[in-house]
């Protein structure tokens, strides 16, 4: 009796949200994916996989996402380390800085970068005034702008998994290593860093997968010169009304995300089960 | 040096009865003439808690301690007594605010932990979870730049020493608690450390395994002759393992000595109650008589009765009229048979009898208030609750210390 009740409780509580998600999200997504094979033809997928133009966009998107993930990793690791080791006050300040952008619209944040990175923007002014550059450096409407904007948005997604892993590392391990004769650098390279790798993996995959489907930032900061899968899908729908092809691209994107997530989860489980 | 010798002499001089004291003094004199300087000398170490919320509270309030080479010394005390802090000061993880630590004649107070050549087994073992048992043990050797071939040989011989041959490739999580502890121990001794520190390493083990590991650690320590500083709050464990025990309380060493010495001649009420079970009587000091070191004090109890107890040799704190605690261990009182007489006598009724295997523990309610606990061999005559009995013990079986 009680066991059955316990089983039904969560279901009852979750029924409404599940219904909501099912009707308003899952159904449309499935409907869209079905569009890609409309009429029993795989022509849309063939087009995406063989046309050099579209394959190029896929490759560019993957490259862009890899670069963004790598830069995020390089920036996030020290930040996470700071948060994991700082005093309570400094950690609170750090988290504030990290979370503040979350309460700001992504549109506002992205447009803010156009001001900072523009021809007469903050960065170019500084470069010119310091005599580092002789003319305005193009930072907008190209890959640099897109990367900067995406890193800015995605950084927290990298910081948190690393931070979480760092928090779980037993502080005695570093002390033990030191007591056994390790220099601070070796404590880091031989003990601390290897133990944080699962977090770094998790963050990298998360950022990479989210970056693959990015739309707003490349649209605004890329100025039409940086085309990602997300932009390509939007273009196919809005300009060419080619729903089957847009659906095929969406299906590929989703499949890639799921595949990476699935593969990685197994890797993570294998690596992180030290305790 | 001279100061050190005096301290040692005094410590040994406190051992119980007159003959023991005399023999100890002779032994101490002989040892002082022959023995090298102590391996570890902790002098005047003070350390305040790092926690800002409790400023001024001392974790260590002036600790002096000297450990001889090859000795197994235990820091015994309740949690918060400063024993772990002292261990961390020795290991180098916490700098002392005042005082100095010298190892093998070298001042290491400001030396980095990595350069102290001290092996430590942590409470939770602190094995590196991403390294195999063998890699964990190889770590200190690799850090010392020892060639790979000799590392391999050394690791396999140490694995054999702790009985883990064939387990080298396992990760810590694939090992049982006892095996993990052996790995931690192997890792701490593989590089021939000058000193071995053990921070409550048996706490996580079940009772049977604990006893087994204690025996193994002790025999290993003897065989290797490795000087060991051991921290525990478990007095039984301290009695089993140690050459000497330093009882810590409130950031100070309350008393230091061999287990039997602490048990028979506690220097304070704290030590009497913390080490073993103690029956306490409170009273005022009367006449103090007898030649040093085995002086006897007559004490007037609160109940009006009089008792006689021994003073610890060298105890100069007890004076006429002092507020005293009289300590008698539960196995000391004897049942009075007609005709026998002791300096201290009480009568009471058995309130409770508990069978403990080798011994039976009796709780006796005394006539005139209070109670006394007895621990007698189980083979003898067994008393049932309600039995009235008279008890007696000589002054030499009772120690008087200041109540405060």
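Those strands (runs of 3 or more DSSP E) of segment B:35-147 in which at least 2 residues are within 14 Å of chain A (Cβ to nearest Cβ) and within 30 Å of residue B:276 (Cβ to Cβ), considering only elements entirely within it, cover B:118-121. So if I check each of B:157, B:176, B:165, which one is in contact with a helix residue (DSSP H, G or I) (Cβ under 6 Å, 6 or more places away or on another chain) and without any contact (Cβ under 8 Å) to a residue 12 or more places away in the chain? That would be B:165, the only listed residue that is in contact with a helix residue (DSSP H, G or I) (Cβ under 6 Å, 6 or more places away or on another chain) and without any contact (Cβ under 8 Å) to a residue 12 or more places away in the chain.
Among the helices (runs of 4 or more DSSP H) contained in segment A:161-275, which hold 1 or more residues that are within 13 Å of chain B (Cβ to nearest Cβ) and in contact (Cβ under 8 Å) with a residue 12 or more places away in the chain? Please lay out each step first, then the result.
Values: elements: A:171-179, A:193-212, A:216-221, A:229-238, A:243-272.
It comes to A:171-179, A:193-212, A:243-272.
Within segment B:75-108, the set of residues being surrounded by fewer than 17 Cβ atoms within 10 Å (Cβ to Cβ) and more than 29 Å from residue B:240 (Cα to Cα) comprises B:95, B:97, B:98, B:100, B:105, B:106, B:107.
With respect to residue B:289, determine if the residue is at pLDDT below 90 and closer than 18 Å to residue B:364 by Cα. Lay out the reasoning, then the answer.
On the way: at pLDDT below 90: yes; closer than 18 Å to residue B:364 by Cα: no.
Considered against the rule, which asks whether it is at pLDDT below 90 and closer than 18 Å to residue B:364 by Cα, residue B:289 comes out as no.
The set of residues in segment A:94-107 being exposed (fewer than 13 other Cβ atoms within 10 Å of the Cβ) and assigned to a helix (DSSP H, G or I) consists of A:96, A:97, A:99, A:100, A:102, A:103, A:107. When the residues of segment B:148-189 are filtered to those that are part of a loop (DSSP other than H, G, I, E, B) and closer than 19 Å to residue A:173 by Cβ, the one that is nearest to the other protein chains (Cβ to nearest Cβ) is B:171. The strands (runs of 3 or more DSSP E) falling completely within segment B:287-379 that include 3 or more residues that are touching a residue at least 60 places away in the same chain (Cβ under 8 Å) and surrounded by 13 or more Cβ atoms within 10 Å (Cβ to Cβ) map to B:296-301, B:306-311, B:323-328, B:371-377. Residue count for segment B:203-233 satisfying the condition of being over 26 Å from residue B:113 (Cα atoms) and either modelled with pLDDT of 95 or more or surrounded by 16 or more Cβ atoms within 10 Å (Cβ to Cβ) (or both): 5.
Does residue B:241 meet the test of being touching a residue at least 40 places away in the same chain (Cβ under 8 Å), within 14 Å of chain A (Cβ to nearest Cβ) and within 22 Å of residue B:73 (Cβ to Cβ)? No: the conditions fail for residue B:241. Looking only at segment B:190-202, residues that are surrounded by fewer than 21 Cβ atoms within 10 Å (Cβ to Cβ) and either more than 14 Å from chain A (Cβ to nearest Cβ) or assigned to a helix (DSSP H, G or I) (or both) come to 0 in all.
Under the condition of being within 16 Å of the chain's Cα centre (by Cα) and either over 21 Å from residue A:264 (Cβ atoms) or without any contact (Cβ under 8 Å) to a residue 60 or more places away in the chain (or both), the residues counted in segment A:140-152 number 5.
The values are calculated or read from the model by the stated rules, or taken from the named source; none is laboratory data. Everything numeric here is computed off the predicted structure, so don't read it as measured data. With ideal geometry, Cβ positions are generated from the backbone for all residues, glycine too; neighbour counts draw on all protein chains shown.
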